[in-house]
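Structure, as structure tokens:
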Amino acid sequence: MFEKVEEYPVDPIMIGADYFAQDPRLDKLNLTVGIYQDSQGKTPVLQAVKEAEKRLVETQASKSYLALTGDADYCALLGQEILGQTCDSALQSDWVAAQTAGGAVALRVMADLLAQMPDAPTVWLQTPTYGNYIPILQAAGASFRQVPYYDPIRREITFDQMLDGLSAAKAGDVFLMQGVCHNPTGADLSPEQFEALLTVLEARGIVPWIDLAYLGFAQSFEADCAMAQQIAARFAECIVCITLSKSFGIYRDRAGALFVKTGKANRPRMHRAISAIVRAGASHAPDHGPAVVREILQDQKLKALWLQELDQMRARVAQVRRDIAQAEGDTFGTQDLAYLARQSGMFSLLPLTAPQEVALTRDHGIHVVKGARVNVARLGPDDIGWLIRAVHQVVTAPS
């Protein structure tokens with residue numbers, strides 16, 4: 001029977017990690033991994049997280065199931081932090097919230113809901129964008145189309161082309177966008193571009209769906225929530241998906257959430273729909289990671305400690321970006337990678353053609369995700385020179 005199973009597409013991030021593991025060379029560099037790492041190549045457990053976990057061990061009274069939509073206190077605290085204090089009353093009347101096992105499950109629950117709607121809407125995607133969006137939408141059976149977002153060779157957002165592409169969207173369609181620290185490009189919309197985008201979405205009746213995975217890695221946690229707050233204040237219907245893996249460093253503990261603004265009259269029906277989809281899929285969300293987040297957010301001292309540690313992670317990533325640009329200028333007198341210092345977050349696309357990307361790995365032992373995505377947070381002080389020399393050589397080599 002199982003010989004009939006067809007080949008499934010594999011996430012290019014996982015393929016990149018596999019290729020790195022299979023590379024027998026000792027002098028190799030893994031820039032595929034999608035997690036924060038410090039200058040020693042370690043992913044630390046934040047002190048605020050450790051303290052919260054100690055408290056949970058001492059005080060947690062049960063391991064019983066939560067509701068299908070998770071811990072209401074966790075959802076309320078997170079909603080206040082991300083959507084703003086002005087949404088407090090609206091969260092009780094206009095929004096449906098669900099605790100999820102990270103952002104991927106939040107995305108899948110929403111994809112399932114959209115796919116099951118009568119006259120199902122089309123989901124519009126930026127290209128390039130997060131590599132798991134299309135597999136999630138395909139698995140749910142959701143309809144989707146793509147619009148251009150970024151040109152890696154020119155190193156710039158293709159904003160006008162994106163808006164032109166959205167001219168084909170119908171009222172009731174959905175636009176899935178990322179918040180800050182755009183993965184994989186590192187290139188975020190300017191405030192003016194974001195405002196113009198929202199104007200187009202509003203005029204065409206397109207529902208905004210924002211995915212927040214890197215809160216605190218662009219400016220600050222509070223500042224990075226501004227896009228979600230603008231959407232929430234402006235649109236009668238919108239979707240917000242959240243993962244806290246990066247912001248709290250709790251990757252394996254799967255803390256996320258889904259918020260859907262639907263209006264008071266639709267809220268009970270939407271709550272039942274989301275509950276049913278959760279039950280048929282992930283069922284009850286794991287609670288350890290969200291419980292840690294709840295413990296931190298409701299304690300001012302723990303919250304201050306967490307924000308301090310988040311600031312330190314953001315500062316290191318920003319410094320690595322500046323160091324790359326500086327080292328390239330000092331070494332070669334060029335600015336081919338200077339754009340990295342103007343971008344934010346852990347990820348960026350190197351301006352490489354497909355053959356150049358192959359050469360980067362084959363000749364220099366530097367492994368990247370297909371499309372030349374790199375995680376700059378993986379670079380230690382000794383790795384920066386290695387990277388810029390390798391990029392310079394593959395770009396200037398005779399074709």
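Values as computed for the structure displayed
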quantity	calculated
Nitroxide proxy distance, nm - points 7 Å out along Cα→Cβ at ALA76 and ALA315	3.5
Share, in percent, of DSSP beta bridges within the chain that are antiparallel, nearest 5	45
Candidate lysines for bridging to LYS54, where Cα separation is under 20 Å - those fewer than 8 sequence places away on the same chain excluded	LYS63, LYS301, LYS303
Chain lengthening between GLN393 and LYS370 when straightened (0.36 nm per residue, less Cα-Cα)	6.4 nm
Relative contact order, percent, the chain [alpha-carbon distance under 8 Å, six or more residues apart]	26
Efficiency of FRET between SER283 and LYS4 - r from beta-carbon atoms, R0 30 angstrom, step 0.05	0.55
Charge sum, other residues only, whose C-beta stays under 12 Å from ASN266's C-beta, Lys/Arg counted +1 and Asp/Glu -1	+3
Local electrostatic count, VAL358, Cβ distance below 14 Å [Lys/Arg +1, Asp/Glu -1]	-1
THR100 long-range amide H proximity, modeled H, under 5 Å	GLY256, ALA257, LEU258
Built amide H within the under 5 Å cut-off of ALA67, gap 5+	none
Burial order of peptide ranges 124-135, 258-269 (average beta-carbon count within 10 Å, highest first)	124-135, 258-269
Using a Förster distance of 45 Å, the FRET efficiency for GLN138-ARG322 (Cβ separation, nearest 0.05)	0.70
GNM flexibility winner over the chain from ALA203, ALA255, ALA226 (Cα, springs under 10 Å)	ALA203
Potential extension, ARG204-LEU163 segment - 0.36 nm per residue separation minus Cα distance	13.6 nm
Those lysines that a straight Cα-Cα span of less than 26 Å connects to LYS28, excepting residues fewer than 8 apart in one chain	LYS42, LYS246, LYS370
Residue among GLY165, GLY103, GLY216 with the largest mean-square fluctuation in a Gaussian network model of the chain, springs linking Cα atoms under 10 Å	GLY165
Under the Karplus curve 6.51 cos²θ - 1.76 cosθ + 1.60, θ = phi - 60°, whole-Hz ³J(HN,Hα) for region 117-123, x wherever Gly or Pro sits	6, x, 6, 4, x, 8, 9
Cα-projected label distance for ALA226 with ASP382, points at 7 Å along beta-carbon direction, nm	4.0
Rg/Rh ratio calculated on Cα atoms of the chain (Kirkwood radius)	0.97
Most mobile listed residue (LEU215, LEU137, LEU107) in the chain, GNM with C-alpha springs under 10 Å	LEU137
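Just so you know, all these numbers are worked out from the coordinates, no wet-lab data involved. A quick note: this is a predicted structure, and the numbers were derived from the prediction, not measured. Neighbour counts run over all protein chains shown; Cβ positions are idealised from the backbone, glycine included.
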